[in-house]
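**Q** My questions all concern the structure below.
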Amino acid sequence: MKTINISFILISLILILQSCNSNKIDADAILLKNRQDTISYIIGLDYGLGIMDQEIEVNDLAIYKGLMDGLKDSPLLSDSIKEHLIAEFDIVLKERLVEKGKKFLEENLQKGREFMTTNRTTEGVVELESGLQIKVMKQGTGKQPNSTDSVLVHYRAMFVDRTVFDMSYDRGPAGIRLNAVIAGLSEGVQLMKPGAIYELFIPPKLAYGDKIFANVIPGGSTLIYSIELIEIVNE
């Protein structure tokens, strides 16, 4: 999400009444004729995308007036009024963000529950007591690792729609310690033997729970790992 100047937004919103009678600017008629025009456009575009991302209702003429007044250093509002309004509006934005996060979390949890319910009836899928679901794609040979072993694996990590968010195949096998990864991954790998390929279907309670991880995995995510155990690493 893009960062925008809250004071700029607030000035724009407060100025709606002063701008209602202004003549509308024909933005589509503006051409980018040189570098200065292009940079100016990019600045405006960034503000616009930031406002849209935060779903803030604005008046485009009020934004234009606020921008023009700022460039002329002739604001209609005192600093004290701006600071007060900024503080109030910042609270509103934060509350809106929290509510949006809660809604997304519940929707993501529900999507995961529905996926796991359907997936457990898929041919070859076995659900363990922990809630982990596994599907054996290829059996291996040899001994199984224990919870304190380090192993060398190839993996493809996905969301339930099979969108890949991480994988080792484009950078080489990954070394992991089984007591230092998410519970579902550790449990699943301990069932494998070298050479085996499993698919692991991991509910949030065995993954990252309700927390966002690394700004990549949303809270409440059910994860799929296609994983190949290459070898148990002896230390």
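**Q** Quick one: which residue in ALA174, ALA180 is surrounded by fewer than 20 Cβ atoms within 10 Å (Cβ to Cβ), of a type in the set (Gly, Ala, Ser), over 17 Å from PHE115 (Cβ atoms) and out of contact with any strand residue (DSSP E or B) (no Cβ under 8 Å at 6 or more places or on another chain)?
**A** ALA180
**Q** Could you check the range 32-60 and list, in sequence order, the residues that are over 21 Å from the mean Cα position of the chain (by Cα), exposed (fewer than 11 other Cβ atoms within 10 Å of the Cβ) and modelled with pLDDT under 85?
**A** Of everything in the range 32-60, just one residue is over 21 Å from the mean Cα position of the chain (by Cα), exposed (fewer than 11 other Cβ atoms within 10 Å of the Cβ) and modelled with pLDDT under 85, namely GLU57.
**Q** Just checking, how many residues over the range 61-81 are farther than 20 Å from GLY48 by Cβ and surrounded by fewer than 17 Cβ atoms within 10 Å (Cβ to Cβ)?
**A** 9
**Q** I'd like to check which strands (runs of 3 or more DSSP E) are fully inside the range 122-235 and have at least 1 residues that are over 24 Å from LYS102 (Cα atoms) and touching a His at 6+ places or on another chain (Cβ under 7 Å).
**A** 223-233
**Q** Identify, please: which residue in the range 61-96 is hydroxyl-bearing (Ser, Thr, Tyr) and part of a helix (DSSP H, G or I) and is, among those, nearest to the chain's Cα centre (by Cα)?
**A** Only one residue tops the list, namely TYR64.
**Q** Of the residues GLU114, GLU99, GLU123, GLU106, only one is among the acidic types (Asp, Glu) and over 22 Å from the mean Cα position of the chain (by Cα); which?
**A** After applying the criteria, what remains is GLU123.
**Q** Could you tell me which of the residues THR163, THR141 is touching a Gly at 6+ places or on another chain (Cβ under 8 Å), surrounded by fewer than 13 Cβ atoms within 10 Å (Cβ to Cβ) and among the polar types (S, T, N, Q)?
**A** Only one candidate qualifies: THR141.
**Q** Considering only the range 144-192, how many residues are of a type in the set (Lys, Arg) and at pLDDT below 95?
**A** The qualifying residues number 1.
The values are calculated or read from the model by the stated rules, or taken from the named source; none is laboratory data. Predicted model only: the values in this text are computed from it and were never measured. Note: ideal-geometry Cβ built from the backbone for every residue, glycine included; neighbour counts use all protein chains shown.
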